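Every read-out reported here was derived from the displayed coordinates using simple, explicitly stated rules and does not represent laboratory data. On a predicted model such as this, the values are computed, not experimentally measured, just so you know. We place every Cβ from the backbone using ideal geometry, glycine too, and count neighbours over all the protein chains shown.
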Amino acid sequence: MIPAKFEYIKASSVSEALGLLDKHGDEAQLLSGGHSLIPTMKLRLNQPKVVVDIGKIPGLNSISEDGSNVVIGANCTHHQIATSSVVQGGVNVLAQTAKEIGDIQVRNKGTIGGSLAHADPAADYPAVILASGAKIEVEGSGGKRTIDATDFFLGIFETALESNEMITAVHVPKSSGGVYLKFSQPASRFAVVGCAAIKNDSGVSVGLTGVAGCAYRASAVESAYNGDAKAAAAHAVDGVEVMGDNFASSKYRAHLAKVFTERALNALG
Amino acid sequence: MKINLKVNGKDHTSDVEPMMSLAAYLREVLLLTGTHVGCDTSSCGACTIKMDGKAVKSCTILAVQADGCDITTIEGLSQNGEMHPLQASFKENHGLQCGFCTPGMIMTAENLLSENPNPTEEEIRHGLEGNFCRCTGYHNIVKSIQHAAESN
């Protein structure tokens with residue numbers, strides 16, 4: 001399989017990449033690790049005229065601490081995140097989640113920025129990004145802004161990113177003792193259902209992926225939780241339109257969402 | 001588009017179309033046909049190579065993305081005519097049947113052992129989750145990797 005013809009431009013800075021996005025509009029796509037974009041181009045589901053490679057832009061692949069946040073550059077690979085002592089020490093649930101993505105080879109190439117921008121409804125990161133209350137730092141030619149995780153995921157492969165913006169970093173509040181549990185699709189290891197739960201000052205925060213068109217914060221579970229995991233987990237799909245496909249019907253997915261939420265809450269201890 | 005890269009220690013300069021995958025470049029331009037293409041969608045792992053020291057699936061990387069990179073393919077593992085310990089162990093332990101998945105299995109195993117020189121059987125099996133063997137010969141593949149780890 002060969003993608004449709006396109007022009008390839010390697011950007012050497014964020015401003016150059018943003019200039020190219022402004023110039024080419026919807027005809028341009030950003031390429032980082034390429035593990036979401038390239039398969040869709042090969043299958044001709046996606047036929048950008050211009051591919052802007054941001055994979056080698058300096059400064060986008062570092063992980064650092066900023067007060068109570070761990071700041072992860074958009075080009076950090078899943079392997080980098082899984083093995084980073086800063087991530088393991090600050091927000092270990094994210095390192096553990098990164099370790100669950102795909103396989104060794106995919107983790108060596110795929111990036112957090114690419115995964116979040118792609119917004120696959122079955123991706124792993126969004127559950128943790130939501131539960132941890134992370135902020136997505138994006139930049140456009142008009143300047144920088146940050147988007148709360150709860151405002152970022154809008155639908156199937158749809159995010160709050162404008163077409164002339166790119167993700168530059170993810171700011172994840174530090175936490176301890178969070179868990180991410182998923183029911184994996186047996187071949188792809190994508191989440192049929194995935195639940196992240198993190199303790200916070202007022203109780204727990206819960207993010208669910210794989211269940212609906214996009215990952216969501218299970219606020220009904222959070223407000224119902226008073227120590228009884230099963231009772232709170234019963235609210236996992238309140239107000240949610242649950243997806244059904246050839247892997248799991250919507251009824252089965254709703255059941256799995258409750259089961260995995262209960263298990264995640266129990267695992268928090 | 002012009003690219004410069006190092007493959008198995010040798011510098012190459014080529015002019016490639018942006019749409020060409022790295023796997024196709026290695027096979028069709030450099031004639032390094034040890035890198036196989038199976039699913040062509042980053043599921044099966046037959047196209048696994050090392051790029052700047054890390055195992056990656058070359059069917060899902062554009063050749064132009066490899067500009068400036070250091071690539072190792074299965075052909076680059078043996079030194080001075082001596083098989084790499086993993087190659088020798090696969091031979092010794094019947095780690096291959098039809099052999100199609102073998103180059104990818106070995107390149108992934110090499111990455112696994114470089115990060116975890118003494119993996120448990122479970123860690124090996126998890127480490128191979130991105131590599132399919134259509135002969136279902138996983139048992140001896142795992143055994144081969146265990147033996148290679150022990151003999152190192």
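Here are some notes:
- Pairs exceeding a 25 Å alpha-carbon distance, out of A:K135/A:K230; A:K42/B:K50; A:K174/B:K50; A:K199/A:K251: A:K135/A:K230; A:K174/B:K50; A:K199/A:K251.
- One Cα centroid belongs to region A:44-71, the other to region B:58-82; the line between them spans 24 Å.
- Around A:A28: net Lys/Arg minus Asp/Glu count, Cβ-Cβ under 15 Å: -4
- For A:M166, net neighbour charge (Lys/Arg +1, Asp/Glu -1) across residues whose Cβ lies under 15 Å away: -3
- Taking Cβ atoms as reference points and 9 Å as the exclusive limit, the residues near A:V138 contribute a net charge of -2, counting Lys and Arg as +1 and Asp and Glu as -1.
- Taking a ≥ b ≥ c as the square roots of the eigenvalues of the Cα gyration tensor, an a/c ratio of 1.5 or more together with a/b no larger than b/c marks the protein assembly as shown as oblate.
- Dmax and Rg, reported as Rg then Dmax, of chain B (C-alpha, Å): 15.1, 45
- q = 0.19, 0.23, 0.24 Å⁻¹: log10 I(q)/I(0) that the Debye formula gives for region A:1-111, counting C-alpha atoms only: -0.99, -1.17, -1.21
- Applying a DSSP loop filter and a limit of 14 other Cβ atoms within 10 Å to the GluC sites (Glu not before Pro) in region A:169-269 leaves A:E241.
- Within chain A, helix-based [θ] at 222 nm, where runs of 4 or more DSSP H residues each add -39,500 (n - 2.57), nearest 500: -9000 deg cm²/dmol
- The lysines within cross-link reach of B:K91, meaning a Cα-to-Cα straight distance under 18 Å and a gap of 8 or more places when in the same chain, are B:K143.
- Radius of gyration (Cα atoms) of region B:2-75, expressed as a multiple of 2.2 N^0.38 Å: 0.96.
- Residue (of A:Q185, A:I57, A:A17) at the positive-pole extreme of the protein assembly as shown, dipole from beta-carbon charges: A:Q185
- Nearest 10 degrees, 0 to 90: helix B:138-151 Cα axis against chain B principal axis: 90
- Backbone amide hydrogens, once placed in the peptide plane, bring B:C44 within less than 5 Å of B:C39, excluding anything fewer than 5 places away on its chain.
- Estimated translational diffusion coefficient (Stokes-Einstein, Kirkwood radius over Cα pairs, 20 °C, 1.002 mPa s) of region A:125-263: 138 µm² per second.
- Directionally averaged projected area (region B:85-151, Cα convex hull): 3.7 nm².
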